[in-house]
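Asks: Structure below; questions to follow.
Bear in mind these aren't lab numbers, they're just calculated from the coordinates by the rules spelled out. Keep in mind that what you see is a predicted model, and the values were worked out from it rather than measured. Note that each Cβ is placed from the backbone with ideal geometry, even for glycine, and that neighbours are counted across all protein chains shown.
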Amino acid sequence: MAKVIVTGGAGYAGCVLTEMLLARGHEVTVVDTMYFGDGGLAKIRKDIAIVKADIRSDISEHLKGQDAVINLAAISNDPSSDLNPRITQETNFDAVVRMVREAKRLGVPRFINVSTSSVYGVKKEPNVTEDLPLEPLTIYSKTKAEAEEIVHAENDSDFCAFSIRPATVCGWSPRMRLDLTVNILTMHAVLNKRIRVFGGNQKRPNIHIWDICDYYERLLKVPPNKVGGQAFNAGYENHTVMEIAEMVRNVVGKDVSIATEPTNDPRSYHISSEKIRNVLGFEPKKTIADAIHDVRDAFSEGLIPDPQNEKYYNVKAMKAQGFDSK
Ligand SMILES: NC(=O)c1ccc[n+]([C@@H]2O[C@H](COP(=O)([O-])OP(=O)(O)OC[C@H]3O[C@@H](n4cnc5c(N)ncnc54)[C@H](O)[C@@H]3O)[C@@H](O)[C@H]2O)c1
C-alpha cells in the first residue's frame, strides 16, 4: 500500500481514481485548485487529505514523505487551454517541471505523469505507436508533449518517472464532464432523442474511466525498469464518431435519430495500445458501451439534474471564472 498524492484529484478522472485508491488500501492526498469545485469528493472527503492548492505554487510540504505522485492537474482540453495560453503553459509545463524535480529531490520514488494521446497530432499511420514523432497541434498538446520530455529526462535508477497518454476518457464520474465525445453523444440521445454527428468518419479513440483509473493504480506497483523514462498509450477501441453514435443508439434506444452534418474538422485520431499490453499486460476490462450505460443510468437516476450547468463543461466553467482575462 502506498502514500499517493494525486494532483487534480478533484477532477473528472481524479474523483474516480481517488475513490479507487482508497478502496485498494492506499493513503491519498488530493491537491487541486478546485476549478470545478470539490463536490465529486463528497463521498470520501473524511477518508483522504484534501489540499486546495495550485501546483504552480510550492507544494513541497505535501510531496514530502509520499511514495508516488500521480499528476492529473492540468488545463485539460484544447478550448480551455486556448482561453489562456500563459496559465496553460504555467500549469501543464512549468509546474510539472518544478514538481517532478522537487519530488526527486525529496526522495519520492515514483512520478506518474498523465499526458494525452493528442501529442501525436494527426497521423497517416494506421497504428500510432509510441515511437512515432510527436507533432502536437494545439497549445494543450504542445505543453503536454514538452512536459513529458522533462519528466522522462529526470528518470534514473532511484527515481521512476514516466508518462501515460490516455485516449479520450468516457463514462460516469461524480465530477462529471459533458464535453467529452461519448458523454456528449449519450447526453443528447437521452435528453433530445437526437444525435447530431459532424462528419462521422473521424476516429476518436476512447477509454472507460474505470480502466484508465485502474491503470493508474496498477502503475504504482510496476517495476521501475519496465516503465521509467518512457511513454505508454492507453486506449481501448478506435471507433469513428458515427460508430460511437450507433453504439449510443443501441444502448439508449432505437427511437434515437442520428443526423449527419458537414464539418470543417476532419481530424482523425487513432492510437495503438499494444505497448502497454505487451510490456505490462494491461488490457481494458470495460467497453465504450459500458460507459454509455453508466452515463445513461446517471441521467435516469437524477445524478445530473441540470445538464446545462457550466460546471460540466470545462471551457464554460473556466470562462465563467474569468480565466481568459487572468
Ligand atoms: N478526460 C480526458 O478525456 C483526457 C484524455 C487524455 C488526457 N487527459 C488528462 O488527464 C488529466 C485529468 O483530466 P480530467 O478529464 O480529469 O480533467 P479535469 O479538468 O476534470 O480535471 C483536472 C483537475 O485539475 C485541477 N487543476 C487545474 N489546474 C490546476 C493547478 N494549477 N493546480 C492544481 N489543480 C489544478 C482542476 O481543478 C481539475 O479538478 C489531465 O491532465 C488531462 O489532460 C484527460
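Asks: Give me a count of the residues in region 177-204 that are assigned to a strand (DSSP E or B) and either surrounded by fewer than 23 Cβ atoms within 10 Å (Cβ to Cβ) or charged (D, E, K, R) (or both).
Replies: 6
Asks: Still on this structure, I have one more. Can you tell which of S273, S325, S268 is polar (S, T, N, Q) and either crowded, with 19+ Cβ neighbours inside 10 Å or in contact with an Asp or Glu (Cβ under 7 Å, 6 or more places away or on another chain) (or both)?
Replies: Within the list S273, S325, S268, the selection yields S273.
Asks: Ok, one more. Tell me yes or no: at least one residue of region 145-161 is polar (S, T, N, Q) and buried (at least 16 other Cβ atoms within 10 Å of the Cβ). Break it down into steps so the answer makes sense when it comes.
Replies: At the first step, the residues of region 145-161 found to be polar (S, T, N, Q) are 155, 157.
Filter once more, so that each one left must be buried (at least 16 other Cβ atoms within 10 Å of the Cβ): 155.
Yes, that holds for at least one residue.
Asks: Now for a different question. Which condition breaks for E130 when tested against (1) within 16 Å of the ligand (Cβ to nearest atom); (2) charged (D, E, K, R); (3) in a helix (DSSP H, G or I)?
Replies: (3)
Asks: Of everything in region 305-315, what is under 20 Å from the mean Cα position of the chain (by Cα) and in contact (Cβ under 8 Å) with a residue 40 or more places away in the chain? Give them in sequence order.
Replies: K311, Y312, Y313, N314, V315
Asks: Now a separate question. State whether one or more residues within region 35-46 are in contact with a strand residue (DSSP E or B) (Cβ under 8 Å, 6 or more places away or on another chain), acidic (D, E) and under 30 Å from E274 (Cα atoms).
Replies: So far as region 35-46 goes, no, none of its residues is in contact with a strand residue (DSSP E or B) (Cβ under 8 Å, 6 or more places away or on another chain), acidic (D, E) and under 30 Å from E274 (Cα atoms).
Asks: Determine which single condition A289 fails, assuming it passes every other condition in (1) within 15 Å of the ligand (Cβ to nearest atom); (2) small (G, A, S); (3) under 20 Å from the mean Cα position of the chain (by Cα).
Replies: Every listed condition holds for A289 apart from (1).
Asks: Of all residues in region 25-43, which are away from the ligand (no atom under 15 Å from the Cβ), surrounded by 15 or more Cβ atoms within 10 Å (Cβ to Cβ) and not in a strand (DSSP E or B)?
Replies: Quick first cut of region 25-43, residues away from the ligand (no atom under 15 Å from the Cβ) only: 25-27, 43.
Restricting the remaining residues to those that are surrounded by 15 or more Cβ atoms within 10 Å (Cβ to Cβ) gives 26-27.
Within region 25-43, H26 is the sole residue that qualifies.
For (1) at negative phi; (2) free of Cβ contacts under 8 Å to residues at least 24 places away in the same chain; (3) of a type in the set (A, V, I, L, M, F, W, C), each residue gets a yes or a no:
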| residue | (1), (2), (3) |
| --- | --- |
| V197 | yes, no, yes |
| Q202 | yes, no, no |
| Y215 | yes, no, no |
| E246 | yes, yes, no |
| V256 | yes, no, yes |
| E261 | yes, no, no |
| S272 | yes, no, no |
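Asks: Another question about this same structure. Restricting attention to region 47-64, which residues are free of Cβ contacts under 8 Å to residues at least 40 places away in the same chain, within 12 Å of the ligand (Cβ to nearest atom) and β-branched (V, I, T)?
Replies: If the condition is that a residue be free of Cβ contacts under 8 Å to residues at least 40 places away in the same chain, within 12 Å of the ligand (Cβ to nearest atom) and β-branched (V, I, T), then V51 is the only one that fits.
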